[in-house]
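The values are calculated or read from the model by the stated rules, or taken from the named source; none is laboratory data. On a predicted model such as this, the values are computed, not experimentally measured, just so you know. All Cβ positions, even for glycine, are placed from backbone atoms using ideal geometry, and neighbour counts span all protein chains on display. Remember, those area values only see protein heavy atoms, side chains included, never the ligands or the DNA or RNA. Shrake-Rupley method; radii C 1.70, N 1.55, O 1.52, S 1.80 Å.
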Amino acid sequence: MIGVGVLGISGSVGQSTLKVLRQFPNEFQLVSFSVHSNWELAKKLIEEFSPEVISITDERLVGILGDSYLNTKVLYNESTLSDIVTISKLSVVVTAVVGSRGVHPTIAAIKAGKKIAIANKETLVTFGPLINDLVKENKTIIVPVDSEHNALFQLIEKEQRANIRAITLTASGGSFRNLPIEDLANVTIEQTLNHPTWSMGPKITVDSAGLINKGLEVIEAHFLFGFSYDEIEVVIHPQSLTHGIIETIDGACIQYTSQPDMVYPIAHSLFYPEPTPKILIERKPSSWKTLEFFPPDNERYPGLSLAYQAGRTGGVAPCIFNAANEEAVNLFLEGKISFLSIPKLIQSALDSIEITNPNDFESFLSKELETRNFIQSKFLKGGVPK
């Protein structure tokens, strides 16, 4: 049995992970998981899977299940996330929490030698070079769970690196891919959260609407696969069937295509390096119909260009990009700024905060905090660009 831990089991990736675990009850054991506030779900999953330990991170719920429930130890507060990923029975940790809260437990799991099935892109975006050094030092592996990166992971593994000219991430185009650009200034939160293809959390859905999510994925792909930013491309693909493309030096393109369902990349990441042993969801190529691809419009998606800018700048620039985006998205979801203010705030942070090249986590964390304070201060002082 392969021991599995899941950070963020109540979210969309966590729920898809449960689907995979239920399909393969003889191969995987759910050893630990975390929820933020959904303690009712935690109770149900304890009763179903009997994990060794869980974490409830919402400070308002401390003690709600006592120190244990049935045969499961219950921990509380965000600081306990690192405790549930270092258990000896664990072989693989699925990092499915959103945002920077996933960084510390991911680092703890790497240091404990666990295989990381990473869905928390912020960890690599913020600390990419340091995370890669830790992975090498601890002789472990990161397998991406995002559908695009997992597709590229599988394609790249089957092709000699010297034979690959470029890699391509596909993007649905988000909620506003067909909306006239002049109407973007007045879009509502409800409109933004109405994604045409995927069911995701609010933060990721907002990111997708502005293609900032794809910008984060470009930076993540750079650190995962070692390609330069000139070798990483993005295309709009409304059908969300092709998830990754590699272009070989002779001009041929090889693509990974599947239904837009997270069970495919999650199963692959859990079983890796062994193949997934059975069909998960059967879909024939005849059901694909049309596959469309076209370049993103920089005017519609300025956040994507900012991600490339941050990536090429290097140092703490990706960290600033990510932290500024998180703070700006929170302000948007609270109804305090407009949708178009999000990339403008990111641009302001990248222009105003000093870019340094540290080699320790503390310096990156300090720059992240500086960025968050910068965005909040700009909002409180009424300096948010319209």
Filtering chymotrypsin sites (Phe, Trp or Tyr not before Pro) in the range 171-246 by DSSP loop and by at most 14 other Cβ atoms within 10 Å leaves none
Can you tell me the accessible area per residue over the range 1-88, all protein chains present, probe 1.4 angstrom, in square angstrom? 46 Å²
What is the dipole size for the chain, taken about its Cα centre, with +1 at each Lys and Arg Cβ and -1 at each Asp and Glu Cβ, in debye to the nearest 20? 460 debye
Reviewing [x] 19.1; [y] 23.7; [z] 20.8, the figure for mean projected area of the Cα convex hull in nm² actually calculated from this model sits under [x]
Relative contact order for the range 1-152 using alpha-carbon pairs under 8 Å, separation at least 6, rounded to a whole percent? 20 percent
Springs between alpha-carbon atoms under 10 Å, Gaussian network over the chain: tell me which of A323, A252, A151 tops the mean-square fluctuations. A252
Report in % the part of the accessible area of the chain that belongs to carbon and sulfur, leaving out ligands and nucleic acids; probe 1.4 Å. 49 percent
Using alpha carbon centroids, what distance separates the range 328-356 and the range 140-218, in Å? 19 Å
Tell me the chymotrypsin sites (Phe, Trp or Tyr not before Pro) within the range 298-351 that lie in a loop according to DSSP and have at most 10 other beta-carbon atoms within 10 Å. none
Rounded to whole angstrom, the alpha-carbon centroid of the range 95-127 lies from that of the range 35-92 at a distance of 18 Å
DSSP beta bridges in the chain [antiparallel fraction, %, rounded to 5]: 30 percent
Per the helix-only model, the chain has a calculated mean residue ellipticity at 222 nm (DSSP H runs of ≥4, -39500 (n - 2.57) each, divided over all residues, rounded to the nearest 500) of -12500 deg cm²/dmol
Just to confirm, what accessible area per residue do you get for the range 158-275 at 1.4 Å probe, in whole Å²? 39 Å²
Hey, can you grab everything whose amide H is under 5 Å from the amide H of Y76? Only 5+ residues off in sequence or another chain; H modelled, so Pro and N-termini drop out. I56
Which ³J(HN,Hα) values, rounded to whole Hz and listed in residue order, are derived for the range 72-78 from phi using the Karplus coefficients 6.51, -1.76 and 1.60 in 6.51 cos²θ - 1.76 cosθ + 1.60 with θ = phi - 60°, glycine and proline given as x? 10, 6, 10, 10, 9, 6, 4
Once you've got the Cα coordinates, tell me which of K19/K214; K43/K73; K121/K214; K43/K203 are over 18 Å apart. K19/K214; K43/K203
So for the chain, averaging the separation of alpha carbon pairs under 8 Å that are six or more residues apart and normalising by length, what relative contact order in percent results? 14 percent
So which residue, out of L70, L184, L331, gets the largest mean-square fluctuation from a GNM of the chain using Cα contacts under 10 Å as springs? L70
